[in-house]
Amino acid sequence: MTIGLVALAAGLAVGLCAIATGYAQGRIGAAGAGAIAEKPELSGRIILLIAIPETLVILGFAVAAMIIVLLGNG
Amino acid sequence: MLTPMAKLEIVGHRARLESLLDCLHRLHVVQIVDVREELEQGASEPIPAAGRTSERWETLRPLRTRLEALLDADPRPEPAATATSFDLSMLPTLLADLDSVEPEVRRRVRALDDLRARRATLPRHTRALRRLLPLVPAMVELDRYDTAILMLEHRHAGLLDLIEEELTNEVGPRFAVIARPVDAHVTGALLIFPRSESERVDAWLGRAQVGQVRVPAEFVGMPIPQALERIDELEARLDDEIAKAEAELHDVIAAHAPLWRGALALVASVADQVDAMGLAGDTGHAFVVVGWAPQSEVARVRDAIAESVGRDVVVAELPISPEERESVPVLLSNPAPARPFEFLVKLLGLPRYDTTDPTLLMAIFLPIFFGAMLGDMGYAVIVAGIALLLHRRLAARSPVMGDLARIVLLGAAWGFVFGALFGEVFGDLGTRLGLQPIWMDRQKAITGLLLFAVGIGFAHVLLGLGTGVWVSWRQRNRHRLLDRAGMILILVGAFMLVGLMAGRLPNALLTPGIVVLVVGVAAVLGSAGWMGAITGPLEIVGTFGNVLSYLRIAAIGLASVYLGRMANELAGVAGPLWLGVMVAILFHALNMTLGVFSPTIQALRLHYVEFFGKFHEVGGREFTPFGASPSGAAPTT
């Protein structure tokens, strides 16, 4: 039971962050694709902008890893 | 690194300007700038447009159109065109050559155009005839009947009833109309009528302005199937004639093209020089040219000018003011292994001259990050093989693809190293076969892997901040220097305190750790004045976020190793051996594709966001030297 809850908590931590990242990247990507179509020289900056929300899911991964490492053995 | 640049001022007698520009054009190492932006107003005047022409230009200008037209007439231009070195002494030979060849080329081009025009009209007839043929009974093969083909857009197909009614009034009921769609937009109609009525029908169609598809004269009166057969024969014959005419025209042009291309290169060079005259200044008797050149080329520029223009032309090196450093043209110069990474730096934007070029640092760390994420000897060997193959096939055609292949190759090499450290070959296949990791098993030592990723992040962000301190020092930017130095102290202090809490560092470091942290926070908060109280905390949190962002190295690596393990597990339960092998290949191929794509993007992001953000300032202007590319023909005058 406990291990199941730990796994669920870790899954939620990374999964919800991934949804948020996907949402943000989708919005930025759509706008970025339009911008690149008009100004291809902006490609580098658009990649940078699209990459920024990824921090969310990485932090989610960090939280999930902490949940598993600290609570998983308990 | 950024090539050190020198600002040159070249002054000489007005009569020497033309030969100076010719010399600079050949050297191809000086970027000429508009003298009005560089010198005090009134010190010199720009050379007026009327004064920029020369005897040489007046002689060469009319040739440009002729040469371009002749070279464009080649129906089979050679991709790797050669050019003869051309100088003005060869002008009489060129003119004689043009006078003798130009009429022949024109005649052949006209003949080729006629053939192509004739060939282009034939499908119009055959398309309509072929569609209408099944509807035409054998009666039209009788000599007593004539035909007219009409083509109408579908939306005007109703006009056929009107035409039929009007024709009935004109010639009586002695004709038939057969209509059928020819394609998605056009309806074809065939009028069949006695030959005796041909004149009246033609006259009426003309008066009513109904357009006919004219069958070529030689097929008039011929039964339709026979006409189609003859048209097919004619098409094949025309194709042969066109191919022959093209080959002959190409041969005529190719025999003279190297000379023409050489002359055209000279014309283009002189045109460049005439344009460059507009950037030079004129004091009445003397000219002034201002430009940028790599520091290492200044001696060569001086020697070349002294030798080919004259020793009385003065080349002076001007000091570069601090305000000017932002706008100095930027030329990246890196060792050969790092050069492919220049493309990735330029993708974000060229660094300003007063900052630094991050290419070398990127060339060191990006492949390491890629390798740490891939971390599998099996995948690394295959990825390296594919990268080598792509490099051999594409590098000559596309330099960008060649650069990318080299970057992936370096990453794959590091992937092999980390694969050995983690003991991974195609996921956990190596472990199943008894391979032991040299350092750690990523699947089991998750805490160690996370610490490794954060450790890389700590070191990389620290390096970025250190570079930021150095750049700020060069720019004499005290606020930013304080900010970057403070952030370094905060990271070091936090590292010491975390080490103490984890029991990995001696307790004696507690006080120094707190002092370093407090001094760092004070420096960051104080770096931006009173605004620092608001932006400082955000910046500190952001920097810790930057360090944690390197956890993606562990996350991507773990995802890859679990996918590889899943491929092996599925292969084991797939049933027959052949099916297991197929499943394993499929999943490993998928994992490997992700294993190349994902680490590339993530390693790039870690550089662009976390690393470059600490020191990189885009906005540099690319150095574009005046003159012909060394790969082109080298015209001489």
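With respect to the stated conditions, B:GLY575 is over 25 Å from B:PRO358 (Cα atoms) and outside any helix (DSSP H, G or I). Within segment B:405-417, can one find any residue that is crowded, with 22+ Cβ neighbours inside 10 Å, over 30 Å from B:ARG476 (Cα atoms), in the same structural domain as B:LEU435 (by TED's automatic domain parsing) and of a type in the set (Val, Ile, Thr)? Within segment B:405-417, one or more residues are crowded, with 22+ Cβ neighbours inside 10 Å, over 30 Å from B:ARG476 (Cα atoms), in the same structural domain as B:LEU435 (by TED's automatic domain parsing) and of a type in the set (Val, Ile, Thr).
Kindly check whether there is at least one residue in segment B:339-354 that is closer than 26 Å to B:GLY415 by Cα, more than 14 Å from chain A (Cβ to nearest Cβ) and in a loop (DSSP other than H, G, I, E, B). No, because not a single residue in segment B:339-354 is closer than 26 Å to B:GLY415 by Cα, more than 14 Å from chain A (Cβ to nearest Cβ) and in a loop (DSSP other than H, G, I, E, B). Filtering A:ILE52, A:ILE58, A:ILE46, A:ILE28 for residues that are more than 20 Å from B:ILE446 (Cα to Cα), among the aliphatic types (A, V, I, L, M) and in contact with a Leu (Cβ under 9 Å, 6 or more places away or on another chain) leaves a single hit, A:ILE28. Is at least one residue of segment B:227-243 among the hydrophobic types (A, V, I, L, M, F, W, C) and part of a strand (DSSP E or B)? Checked segment B:227-243: no residue is among the hydrophobic types (A, V, I, L, M, F, W, C) and part of a strand (DSSP E or B). So which residues in segment B:352-404 are surrounded by fewer than 20 Cβ atoms within 10 Å (Cβ to Cβ), of a type in the set (D, E, K, R) and more than 24 Å from B:VAL330 (Cβ to Cβ)? Matches in segment B:352-404: B:ARG392, B:ARG393, B:ARG397. For segment B:441-461, the set of residues classified as in a loop (DSSP other than H, G, I, E, B) and either β-branched (Val, Ile, Thr) or under 21 Å from B:ASN591 (Cα atoms) (or both) consists of B:ASP441, B:ARG442, B:GLN443, B:LYS444, listed by residue number.
Tell me yes or no: at least one residue of segment B:270-279 is in a loop (DSSP other than H, G, I, E, B) and either touching a residue at least 40 places away in the same chain (Cβ under 8 Å) or surrounded by 15 or more Cβ atoms within 10 Å (Cβ to Cβ) (or both). For segment B:270-279, residues in a loop (DSSP other than H, G, I, E, B) and either touching a residue at least 40 places away in the same chain (Cβ under 8 Å) or surrounded by 15 or more Cβ atoms within 10 Å (Cβ to Cβ) (or both): present. Return the residues of segment B:160-174 that are in contact (Cβ under 8 Å) with a residue 12 or more places away in the chain and assigned to a helix (DSSP H, G or I); say none if nothing qualifies. Matches in segment B:160-174: B:LEU160, B:ILE163, B:GLU164, B:GLU166, B:LEU167, B:GLU170, B:VAL171.
Each residue in segment B:175-202 was checked for being of a type outside the set (A, V, I, L, M), exposed (fewer than 13 other Cβ atoms within 10 Å of the Cβ) and outside any helix (DSSP H, G or I), and 3 of them qualify.
Counting only helices (runs of 4 or more DSSP H) that sit wholly inside chain A, those with at least 2 residues that are farther than 21 Å from B:ILE601 by Cα and more than 11 Å from chain B (Cβ to nearest Cβ) are A:2-38, A:54-71. Report whether or not B:VAL547 is under 27 Å from B:VAL471 (Cβ atoms), within 14 Å of chain A (Cβ to nearest Cβ) and buried (at least 16 other Cβ atoms within 10 Å of the Cβ). Spelling it out, B:VAL547 is indeed under 27 Å from B:VAL471 (Cβ atoms), within 14 Å of chain A (Cβ to nearest Cβ) and buried (at least 16 other Cβ atoms within 10 Å of the Cβ). Just one of the numbered conditions (1) at the interface with chain A (Cβ under 10 Å from one of its Cβ atoms); (2) touching a residue at least 40 places away in the same chain (Cβ under 8 Å) is not true of B:ASN591: (1).
With respect to (1) out of contact with any Ser or Thr (no Cβ under 8 Å at 6 or more places or on another chain); (2) away from chain A (no Cβ under 14 Å), the lone exception for B:ASP376 is condition (1).
The values are calculated or read from the model by the stated rules, or taken from the named source; none is laboratory data. Not measured: the values here are computed from a predicted model. Methodologically, a virtual Cβ is constructed for each residue, glycine included, from the backbone with ideal geometry; neighbour enumeration extends over all protein chains shown.
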